[in-house]
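Let me begin by presenting the structure, written as structure tokens, before commenting on it.
Throughout, read-outs are computed from the coordinates displayed, never taken from laboratory work. Remember, predicted model here, so these are calculated numbers, not experimental data. Cβ atoms come from the backbone with ideal geometry, glycine included; neighbour counts cover every protein chain shown.
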Amino acid sequence: MMRMRKKALYTNGHEMHHEQNKASAEIKQTYDSAELKIGDNTICPVMGTKFTVQEDTLKVTVKNKNYYVCCPACIDMLKNDPDKYLK
């Protein structure tokens with residue numbers, strides 16, 4: 001009985017893993033705006049907020065690269081401590 005229970009937990013966890021991979025595939029795994037285009041989904045490197053890149057999406061240059069961020073506050077945070085957010 002214990003073996004069946006472990007197998008059921010593994011199966012559910014395995015299925016969850018595949019569902020997470022499907023969702024992750026829709027979000028670009030880069031913050032560098034050179035690799036992103038309008039309509040791409042990405043994540044703010046500061047807040048972790050998921051958003052779609054638009055023409056008016058905020059962009060900040062750090063270490064000679066451009067990064068999209070979700071709000072004006074993230075511009076300052078990213079500029080002040082880029083190593084914290086660009087891992």
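Things to note:
- Exposure proxy shown here: for MET77, MET47, the number of other Cβ atoms within 10 Å sets the order, fewest to most, as MET47, MET77.
- Highest average packing first - 67-74, 48-55, 37-44, Cβ atoms within 10 Å: 67-74, 37-44, 48-55
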